[in-house]
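Comments concern the structure below.
The values are calculated or read from the model by the stated rules, or taken from the named source; none is laboratory data. Because the structure is predicted, anything quoted here is derived from the model rather than measured. Cβ atoms come from the backbone with ideal geometry, glycine included; neighbour counts cover every protein chain shown. Areas reflect the complete protein model, heavy atoms only, side chains present, ligands, DNA and RNA absent. Shrake-Rupley method; radii C 1.70, N 1.55, O 1.52, S 1.80 Å.
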Amino acid sequence: MFLNQGHFLRRKRILVTGASGFIGSHLIQKLDKIGAKVLAFYRSAPPAFMKSRSGEMRRLSFLNFKQLSHVVTKFRPEKIVHLAGFVNLERSFQVAKTCVQVNIEGTLNLLESLKSVPLDVFVYVSTAEVYGSG
């Protein structure tokens with residue numbers, strides 16, 4: 001909705017995490033059309049259409065603080081849309097530990113990497129998975 005008049009995002013440096021997900025991939029396409037400078041993080045293989053876009057795509061683990069901090073500090077995003085997350089569809093304790101590491105520790109690493117970055121907006125999007133199958 002607000003992206004229909006997204007001229008205010010033109011040439012803004014925007015970091016999008018979760019770029020290979022449904023929302024992330026569509027958001028990146030829209031930001032690219034607007035003319036935003038996008039840095040997109042993904043964990044799995046990016047969709048094929050992203051290979052031709054003008055922004056930068058990075059396969060990155062939020063658990064690697066050194067790499068994350070280096071990339072974020074270099075890009076200096078003005079806005080962040082944090083869509084990345086690991087979902088536990090198996091409902092097992094081992095997968096739950098991975099969810100905690102990626103979703104909580106990873107998000108903390110992202111936030112800590114932004115200490116020296118003058119950021120306008122940080123949008124954190126969660127999932128209906130937090131409510132479980134009940």
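The table that follows gives values for the structure above.
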read-out: Sites I23 and R76, calculated FRET efficiency, Cβ-Cβ separation with R0 30 Å, nearest 0.05; value: 0.80
read-out: Straight-distance crosslink candidates among aspartates and glutamates, where the alpha carbon sits under 18 Å from K115 and sequence neighbours closer than 8 are dropped; value: E78, E105
read-out: Protein accessible area in region 65-123, 1.4 Å probe - carbon and sulfur %; value: 61
read-out: Amide proton proximity set for M57, modelled H, under 5 Å, gap of 5+; value: A40
read-out: Set K30/K79; K30/K97; K37/K97; K30/K74; K66/K97 screened for pairs whose C-alpha atoms are more than 26 Å apart; value: K30/K97; K37/K97
read-out: FRET efficiency for Q101 and R10, using Cβ-Cβ distance with R0 set to 35 Å, rounded to 0.05; value: 0.45
